[in-house]
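This report concerns only the one structure given below.
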Amino acid sequence: MKKTIFIISFLSFISIASMAQSDYWRTKNIMTFNWEIATPLGSEFTNKTSISGANIEFRHFVNNNFSLGAGIHWNTFEDYISPTVYEKADGSTAVYSDLVPQVFVLPMLVKGHYYFDAGNQLKPYVGLGIGAQYSEQNLYYNIFVSSAENWGFAARPEAGLMYQLPNRRGGFNLNVGYNYATNENPDFKMESMSHLGYSIGGWWNLY
């Protein structure tokens, strides 16, 4: 209930604040495509920053200061653990192997963004995305692999900056967001599959 009240209040504030309009920024519908660097949080399974990520979004401008849309993010986190001996608790079996833990995450979010006026071509913004996250977890060892998959709730507060080219057909986009997710896997000691994402890319105007 508290989360619902917060979300309603947040969107109400954005709607009221979006009265101010810019004469230059006349974009109605845009697509963004970004390369995403991400750092996993709260996981012993893998904690290495990944550069194997991207995201794509559609944004519809209700007015010059507020947009609604949807986005899909994807990232693959992978680590490497040097060969060592792994022995069962009862001492009956021992295996010598390296380990490659791998996690794939796919957050799918409905998003709202509020844009601040900062000149003719710059648009700083804040946003909130809510939806679901699908995830796959794999542990590679020797010639074997242990796998799991699951779904969880996802929420992504974010902030960024859009630059519009003089021809208004598109521009550049910078973004940083905290992707909270409820996915977990106790077998792999993963209590959280949340991550920080840093995006850089471009956008183009669909009108």
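Condition first: farther than 19 Å from Asn64 by Cα and at pLDDT below 95. Now tell me which residues in region 151-179 satisfy that.
Those that are farther than 19 Å from Asn64 by Cα and at pLDDT below 95: none in region 151-179.
Restricting to region 164-176, give me the number of residues that are under 30 Å from Ser194 (Cβ atoms) and free of Cβ contacts under 8 Å to residues at least 40 places away in the same chain.
3
Pairs please, first residue from region 126-138 and touching a residue at least 12 places away in the same chain (Cβ under 8 Å) and more than 28 Å from Pro101 (Cβ to Cβ), second anywhere and of a type in the set (Asp, Glu) and surrounded by 16 or more Cβ atoms within 10 Å (Cβ to Cβ), Cβ atoms under 8 Å, 6+ apart in sequence or on different chains.
Val126/Glu158; Gly127/Glu158; Leu128/Glu158
Within region 189-207, take every residue that is over 14 Å from the mean Cα position of the chain (by Cα) and either crowded, with 19+ Cβ neighbours inside 10 Å or among the β-branched types (Val, Ile, Thr) (or both) and give me the one that is nearest to Ser67 (Cα to Cα).
For region 189-207, the residue satisfying everything is Trp203.
How many residues, within region 129-165, are among the β-branched types (Val, Ile, Thr) and over 18 Å from Thr46 (Cα atoms)?
2
Starting from residues that are of a type in the set (S, T, N, Q) and outside any strand (DSSP E or B), keep the ones in region 153-194 and report whichever is nearest to Phe61 (Cα to Cα).
Looking only at region 153-194, we keep the residues that are of a type in the set (S, T, N, Q), and these are 164, 167, 173, 175, 179, 182-183, 185, 192, 194.
Those left that are additionally outside any strand (DSSP E or B): 167, 182-183.
Details: Asn167: 18, Thr182: 30, Asn183: 32 Å.
Ranking the qualifying residues of region 153-194, first place goes to Asn167.
The values are calculated or read from the model by the stated rules, or taken from the named source; none is laboratory data. Note that this is a predicted model, so its numbers are computed, not measured. We place every Cβ from the backbone using ideal geometry, glycine too, and count neighbours over all the protein chains shown.
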